[in-house]
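Following: one structure in structure tokens, then a few remarks.
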């Protein structure tokens, strides 16, 4: 081992308290960077795959009642790729063990095929059968909150009439990843749930034969969303249209998009603070060490060492501290990111949310977050 390297190890041991403190500050900054970006990647990749596979819609609108003949005109709007009409009503649910009724959003699904848009993922059970008008799917958050399983029943008030509904499956939907009642501040799985029922029994229950009151559509890649929304409002206004909005204003998507953006901001701000403090501390410690070792530096140069070799010696001190903090931060960031991703499963309903850490995760991505 070279003389300067032995001196470097002695300096590190002599200043172990200060170097450990700086190392931990660097590790905290790197851990927050890795934590934020890995959790962001996990959410974004899962979200994109889920939306694509289950055909999450691009535009949504609600109305009072529109005839199904309107669909032909809707499909002719420039930029529209697919149109899915539905019957959607909020109903009161009489759930055992609750003193007050819960609210269920009842959504129709086609009788003989999967929905064109906003398809459902079956976590357990089966799809409702058209000949059984009392069968429904229940969102998994509501089912977990009330311990509902396939074969259980719940009572709903459909258009003023009491009806016993049989649960035949537990489902998820890209439309309700964040399951919250419109107007609410926080999700409440005990008091709000989503149910899916066959189209024919829903039309009969709500007197909507040949009509619909909810519309979702997907757009072509070259479509202009503003023009589509304007034309959609014009066509649905005579039927009590409540105003169309794009995916960015859809409640569930808005919540999870804001969370992804917040992780990106956290990856910029928090590590910057920690690393700035670490840089300041390193500068103070290095300046103090050089001032107190002037005699040693003079002796080293007297033995023939050049200014460059002496400068590299002190640079190694900085690099060892930074390298140690970075390695510790990457390890801590991995485990913290994995735990944060697992925590998201308590709030966001995905078929599968898998932690994803890019091996090439590095600071060059900083401006791209």
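Quick notes on this structure:
- Residue match in the stretch 20-33 (condition: in contact with a strand residue (DSSP E or B) (Cβ under 9 Å, 6 or more places away or on another chain) and loosely packed, with under 15 Cβ neighbours inside 10 Å): no
- When residues in the stretch 136-148 are screened for being touching a strand residue (DSSP E or B) at 6+ places or on another chain (Cβ under 7 Å) and either farther than 14 Å from residue 105 by Cα or surrounded by fewer than 17 Cβ atoms within 10 Å (Cβ to Cβ) (or both), 1 of them pass.
- Considering the stretch 164-201, and only residues there that are free of Cβ contacts under 8 Å to residues at least 12 places away in the same chain and under 17 Å from residue 345 (Cα atoms), the residue that is surrounded by the fewest Cβ atoms within 10 Å (Cβ to Cβ) turns out to be 186.
- Flag for residue 130 being in a loop (DSSP other than H, G, I, E, B), loosely packed, with under 15 Cβ neighbours inside 10 Å, in contact (Cβ under 8 Å) with a residue 24 or more places away in the chain and on the phi < 0 side of the Ramachandran plot: yes
Yes/no per residue for (1) under 20 Å from the mean Cα position of the chain (by Cα); (2) over 30 Å from residue 230 (Cβ atoms); (3) exposed (fewer than 12 other Cβ atoms within 10 Å of the Cβ):
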site	(1), (2), (3)
247	yes, no, no
263	yes, yes, no
268	yes, yes, no
281	no, yes, no
316	no, yes, no
322	no, yes, no
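- Within the stretch 6-59, being out of contact with any helix residue (DSSP H, G or I) (no Cβ under 8 Å at 6 or more places or on another chain) and over 30 Å from residue 174 (Cα atoms) holds for 6, 9, 10, 13, 14, 16, 17, 20.
- Taken over the stretch 136-161, the criterion of being in contact with a helix residue (DSSP H, G or I) (Cβ under 9 Å, 6 or more places away or on another chain), farther than 16 Å from residue 88 by Cα and not in a helix (DSSP H, G or I) is satisfied by 148, 149, 152, 154, 161.
- Within the stretch 205-223, tally of residues that are part of a loop (DSSP other than H, G, I, E, B), under 15 Å from residue 74 (Cβ atoms) and at pLDDT 90 or above: 1
- Residue 38 falls short of the stated requirement of being surrounded by fewer than 16 Cβ atoms within 10 Å (Cβ to Cβ) and under 34 Å from the mean Cα position of the chain (by Cα).
- Condition check for residue 48: loosely packed, with under 15 Cβ neighbours inside 10 Å and closer than 30 Å to residue 354 by Cβ: yes
The values are calculated or read from the model by the stated rules, or taken from the named source; none is laboratory data. This structure is a prediction, so every number in the text was calculated from the model and none was measured. A quick note on method: Cβ atoms are made from the backbone with ideal geometry, for glycine too, and the neighbour counts reach across all protein chains shown.
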